[in-house]
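Beneath this line is the structure, given in C-alpha cells, with notes to follow.
Each value in this text was obtained by applying a stated rule to the coordinates, not by laboratory testing. Only a predicted model underlies this, so the values are computations on that prediction, with no experimental measurement involved. Because the Cβ atoms are built from the backbone with ideal geometry, glycine has one as well, and the counts that use them run over all protein chains shown.
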C-alpha cells in the first residue's frame, strides 16, 4: 500500500513504514526540546511578572494590539495554507502543494515584516533595552525587564520563523522537482509539524505580551 | 588453528575500519561506529586537557601559600577543569563513544535512525570545544563551571561569553544524540527484540537520552539569557537592575542536576553488562533495574533545589527538595543491590573490565551515600561549598563514570578494534586507578568536614598533610590513566587478533565479527531470547 521510489528508502531502514514513523518520531522529540527551550523563557517571564505586575502590565499596554492581532491572523492563515499543502500532497496534487508552500512562505515573510515594523516603532520610542532605553515611568526598571523578555522571546520566535521560511521554500522546490508523491511526502509532514509548532508558540506570546495588559 | 586465524584475518579485512580508507572517509562518514571512534579521540583529548588543569591545581595545593600560581590563575584552573570535564568529557563520554557504537548493534540495527545528524553532532561538539579552548588561550574564565550570577555577568573580567557560547553550541550535540538514540531505540529494533529483551545498557541509555532532550534546551536558554545580560548590561539576573540572581541558580540546576544523571546513568549501563558477563548470570531483577533507570531520569528532574539550600530559597521548598533527593537513592540502591545479587553464586572471573565494574559499585556506593549527607538540610549547611562536596561528586563522576568508561572500553575493545588488549598490565592499571582515586579523594571528605572550603588557592597549615595525601593520589591516578592510553594504542597495531566473542558473552554485538562489517550484521538478526541468557548458553555448550 505504501511504496515510495526505491531511492527514497535509506539503506539502514528495512521498510518504508519504519522510515516514515522514525522521521515522525524524530520530529516530535525535536519539538519536545523546543518546548523546553521556550519553556525556560516562559518560566523566567512568569517569575518576573509576579514580582513586577505593574511594570509588566504597563509594558503590555504599550504594545500595539492592532498590529499584534493582525499578525496573529496572518500567522494562523499560514498554518491553514501549510495544512492544505500537505493535504494536497496526500491527494497527489503536487502542483497545488508547490503553490501552497510558496504561499505559506510569503505569508510567513509578511508576518516578519509586520513584526519588524513593530520593532522599528519600539526603537523610535527608545524602548530597546540597554543604554538606549528611556522611560519616565516610576516602574522604568521593570518596564525595561519587560522589554528584555519581549525582544528575547519574540526574537527567538522570529529566528524560528526565518528558519521555517527557508525550509518551506527549500521543500517547495523539492516538490516541484518531483521528489514527493502521494505515497511519499514524509518530509513535508515533518515540516508541517514544525510550522504549526512555531505558530502555537506565537499564540502564547500574543497572550502574554499583548492581551495581558489590555485592561490597563 | 591456522584456518581459524585465516578466517579472522578475512573477517577483519572486510570490517568497518578497512572498508573505506583515507581521512575523507572518516570525516564524512555516517557510520555510527566510525563516529563513535571520532568521539573517542575527541573526548580522550579533552580528558587529558582537563586532567592537566586538575594536576596544576593539586600541585598548587601542595603547600598552604599561593606560590605556584596566583589566586586568579587558580580560579581559572578550576573553572576550566570543571567546564571541560563536565561538558566535553563526562557528558559525551559513554553515550557518544560506547553508546554510539553499541546501541544499534545491541538492538540488531544497521545504524542509528538519523546517521547524518549523528555526524553533525560530532562537528557541533567539536565547534563548541574549539570555542571553549580558544577562550582558554585568550585568558580563560574564572567563574567556576557554574557561572553564578552576578559574578559572571557583572564582575568577572574574563571570557565568560566565549565559554558560554562554546557550551551553548555543544549542547546541541547532546540534543542531537539524545534525539537519535530515542528514535533508534523506538523504531529500529530487530524482529523479536521486545522492550523487555533489551540489554539494560539500552534502558539506561534511553533514560539518559530523555534527559539529553528535555534538560539541555533549558541550559541553552539560560546561557542565552546570561550572555544577553552580560553583553547588553540589562538586568535579567542582576539585582541592582531588578533581576533575581537566584533565578539563575534555579534554571542552571534545572539542567545541571539532571545532567549529573546524564553522566552516571551510562556508567550504570556499562556496569550492568559487565557484571552479567563476568559472573555468567542474568542480571538479578532485570525489570527492577530497567525501571530504576527510568525513575532516576524522572526523579532527577525534581531535585535541583538541593544545590541551593543556602541560597535563600524558602524553607518549605528546601524540605521538598530534600525529601525528593532521598527518593533518588531508592532506584540507585536497587541497582547496587541487584548487581551484588547478580554476583551471588555466579562463576565470577576477574578480567580487567570486571575489576573496573566492582570498583564502580564500591565507589558509587560511597559517592551515593555521601550524597544523602548533602541532601540532609542540617548537614548540608555545614558542608556546603567545602571539599566534602568536591569529594562526593568526584566519587560519582570519577569513581563512578570514569571507572565504568574504562571498564567498558576494555570490555568492548576487542569488538571496536579487533584486537585484544594486554591483560596483565591492564589489571595493574585498574588497581592503580582504584588506589590513586581513593588516595586523592578520600582525604577530601575529611578536609571538607573539617571546614576547608572549595575553590581556594590558599589554606591554613593544619590542612596540609591531607592535601599532600590528595596530591600524591592525583599523581598515581594520572599514571593510572596514562597506562591504558599507551597500551590501547599499542594493541591497536600489535595486539593479538580478537575472536568475535572473546568473553563468551550474550548480546547481539558479540554475534558479528570483530571488528564488525559496516552494515553490522550479514543478515538482520532475529531475537528469540531474553537478554543475558547465560543459563541457555551453558545448556547449549553442554549439548555440543
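For B:251, B:403, what ranking results if the residue with the fewest other Cβ atoms within 10 Å of its Cβ goes first?
Fewest-to-most ranking of B:251, B:403: B:251, B:403.
Quick check: the angle from helix B:115-137's long axis to the longest principal axis of chain B, C-alpha only, nearest 10 degrees?
40
What shape does the protein assembly as shown take by its C-alpha gyration tensor, where a ≥ b ≥ c are the square roots of the eigenvalues and a/c under 1.5 counts as rounded, a/b above b/c as prolate, and the rest as oblate?
oblate
For peptide A:35-44, how many partner chain Cβ atoms fall within 10 Å of a residue's Cβ, on average?
6
Run the numbers for residue A:116 and residue A:214: contour at 0.36 nm per residue of separation, minus the present Cα-Cα distance, in nm.
That pair, residue A:116 and residue A:214, stretches by 33.1 nm at full extension.
Given a Förster radius of 25 Å and the C-beta distance between residue A:66 and residue A:125 as r, what FRET efficiency does 1/(1 + (r/R0)^6) yield to the nearest 0.05?
The formula returns an efficiency of 0.95 here.
Test of understanding: ordering B:76, A:17 by Cβ neighbours within 10 Å, fewest first, what list do you get?
So the residues, fewest neighbours to most, are A:17, B:76.
In percent, how large is the relative contact order of segment B:260-343, given Cα pairs closer than 8 Å and 6 or more residues apart?
Once divided by the residue count of segment B:260-343, the mean separation gives 44 percent.
Using alpha-carbon pairs under 8 Å, 6+ residues apart, how would you state the relative contact order of chain B in percent?
Computed value for chain B: 19 percent relative contact order.
Using a 10 Å cut-off on Cβ to Cβ distances, tally the other chain neighbours for every residue of A:127-139 and report the average as a whole number.
Mean partner shielding for this stretch: 2.
Would you mind getting me the FRET efficiency between residue A:96 and residue A:203? Use the beta-carbon distance for r and R0 = 35 Å, nearest 0.05.
That gives a FRET efficiency of 0.80.
Between helix A:140-176 and chain A, what is the angle of the helix's C-alpha long axis to the longest principal axis, kept within 0 to 90° and rounded to the nearest 10?
Approximately 20 degrees, to the nearest 10.
Compute the separation of the alpha-carbon centres of segment B:417-470 and segment A:68-112 and state it in Å as a whole number.
Between the Cα centres of segment B:417-470 and segment A:68-112 lies a distance of 62 Å.
Across peptide A:19-32, how many C-beta atoms of other chains are within 10 Å of each residue C-beta, on average?
Averaged over the peptide's residues, the number is 5.
Given an 8 Å cut-off on Cα distances and at least 6 residues of separation, report the relative contact order of chain A as a percent.
Answer for chain A is 36 percent.
Starting from the Cα-Cα distance between residue B:63 and residue B:345, subtract it from 0.36 nm times their residue separation and give me the gain in nm to one decimal.
Extra length available between residue B:63 and residue B:345 comes to 96.6 nm.
Applying 1/(1 + (r/R0)^6) with R0 = 22 Å to the Cβ-Cβ distance of residue A:170 and residue A:14, what FRET efficiency is obtained, to the nearest 0.05?
Here the calculated transfer efficiency is 0.20.
Give the angle, between 0 and 90 degrees and rounded to the nearest 10, that separates the Cα long axis of helix B:464-494 from the longest principal axis of the Cα atoms of chain B.
With both axes taken from Cα atoms, the answer is about 30 degrees.
Please report, largest first and rounded to whole Å, the three semi-axes of the ellipsoid equivalent to segment B:265-417, where each semi-axis is the square root of five times an eigenvalue of the C-alpha gyration tensor.
32, 16, 12
State whether segment B:488-539 is rounded, prolate or oblate according to the following rule on the C-alpha gyration tensor (a ≥ b ≥ c being the square roots of its eigenvalues): a/c under 1.5 gives rounded; otherwise a/b larger than b/c gives prolate, and the remaining case gives oblate.
In terms of gyration-tensor shape, oblate.
Full extension from residue B:73 to residue B:504: what is 0.36 nm times the residue separation minus their Cα-Cα distance, to one decimal in nm?
Using 0.36 nm per residue and subtracting the Cα-Cα distance, I get 150.1 nm.
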